[in-house]
Amino acid sequence: MEAIATLFFPVLIVVLILMVLWAVPVRLWIEAISAGVRLGITYLIGMRLRKVPPPAVVRPLIWATKAGLFIRIADLEAHYLAGGRVDRVVTALISADKANIELSFNQAAAIDLAGRDVFEAVQVSVNPKVITTPRVAAMARDGIQLIAVARVTVRANINRLVGGAGEETIVARVGEGIVSSIGSSDTHQAVLENPDSISKAVLAKGLDSGTAFEILSIDIADVDVGKNIGAELQTDQAEADKRVAQARAEERRAMAVASEQENVAKVQEMRANLVEAEAQVPLAMADAFRDGNLGVMDYIRYRNVQADTAMRNSIAGDDESASGEPLA
């Protein structure tokens, strides 16, 4: 038991010392004091209890103090608890102060909590950024397609970072301006001869309004000649007109065929009626013989006329037989 007690007490002492060193960041407190940051060790212990890592707040405070900035540690701690990145905010404030850019802590914290990189924004404000647009295709009035690529130089506007539109809006607006400028040109040669007319026209539209950037310049990096869209459209229109004309001609042909078939049906019906009428002639003649209205000489004259008619039809090349009956 004495051996166990002898081992237990040293281990307990070591554990207590480690707990004290964890709860009381003595080394960090010494760093802060040596850097001129007046900070009580009890405040560091309270940060541990508030689930705030002291190095995540104290070290950025040391950077700010060394840079000549006055920032309250309570503000840094509150920003950390709100989910912000304290180191990026303090670094951005230091960079802005060295570049003579007006930026307060509350403004930097708001930009950081809005999801934007405040340090990158300060860098872009000091060193403008170049955005290359994708290939933008547009058609001049003469029907020739032009494909342009532009490089947009922008500078971050600190005052509009919260709520301002991003790079995608800048790219979309510049592309729209390029399409409008090329579309208003009379010929594609005019655009190729003077491509800076596009950048001047686009820059004059004030495309950076409502965005987090300020457009400094728009430069046309490349202009390529594409397809002859006008000729293709005319060809497609001619092909469409051709198909419409063919459809109408086919409709008229079908109507003509239907009309011809209707006429043939009418002729066949008339022939059938004629045959039916001719079939009634012998019956009528028989009744005339019985009633005494037709004599033998009358019948002979009728047959002579019928034979004469058949002969004339045969000489004329008609398709009837000499007897006057239709050929089979």
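The values are calculated or read from the model by the stated rules, or taken from the named source; none is laboratory data. Predicted model only: the values in this text are computed from it and were never measured. Quick reminder, even Gly has a Cβ in these numbers, built from the backbone with ideal geometry, and neighbours come from all protein chains shown. Surface areas here come from the heavy atoms of the whole protein model, side chains and all, with no ligands, DNA or RNA. Shrake-Rupley method; radii C 1.70, N 1.55, O 1.52, S 1.80 Å.
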Worksheet item: Listed residues 179, 154; which is outside any helix (DSSP H, G or I) and either surrounded by 13 or more Cβ atoms within 10 Å (Cβ to Cβ) or among the hydrophobic types (A, V, I, L, M, F, W, C) (or both)?
Response: 154
Discussion item. Return the pair list, or none, for Cβ contacts closer than 6 Å from residues in region 88-112 that are farther than 18 Å from residue 72 by Cβ to residues that are open to solvent by 40 Å² or more (accessible area, probe 1.4 Å) and not polar (S, T, N, Q), at least 6 apart or on different chains.
Written reply: 99/126; 111/162
Worksheet item: Using beta carbons and a limit of 9 Å, which pairs, at least six apart or on different chains, have the first residue in region 70-82 and aromatic (Phe, Trp, Tyr) and the second one assigned to a helix (DSSP H, G or I)?
Response: 70/64; 80/56; 80/57; 80/86
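Residue 208: of a type in the set (Asp, Glu) and open to solvent by less than 40 Å² (accessible area, probe 1.4 Å), yes or no?
Details: of a type in the set (Asp, Glu): yes; open to solvent by less than 40 Å² (accessible area, probe 1.4 Å): yes.
When the stated conditions are applied, residue 208 passes them.
Please enumerate the residues belonging to region 214-234 that are hydrophobic (A, V, I, L, M, F, W, C), at pLDDT below 80 and touching a strand residue (DSSP E or B) at 6+ places or on another chain (Cβ under 6 Å). First the steps, then the outcome.
Taking region 214-234 first, the residues hydrophobic (A, V, I, L, M, F, W, C) are 215-216, 218, 220-221, 223, 225, 229, 231, 233.
Next cut, at pLDDT below 80 only: 229, 231, 233.
Within region 214-234, just 229 meets the criteria.
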Item to complete: Would you check if there is a residue in region 192-209 being more than 30 Å from residue 108 (Cα to Cα), acidic (Asp, Glu), in contact (Cβ under 8 Å) with a residue 12 or more places away in the chain and assigned to a helix (DSSP H, G or I)?
Response: yes
Worksheet, complete the sentence: Restricted to region 1-53 and to residues being closer than 21 Å to residue 65 by Cβ, in a loop (DSSP other than H, G, I, E, B) and not β-branched (Val, Ile, Thr), the residue modelled with the lowest pLDDT is 25
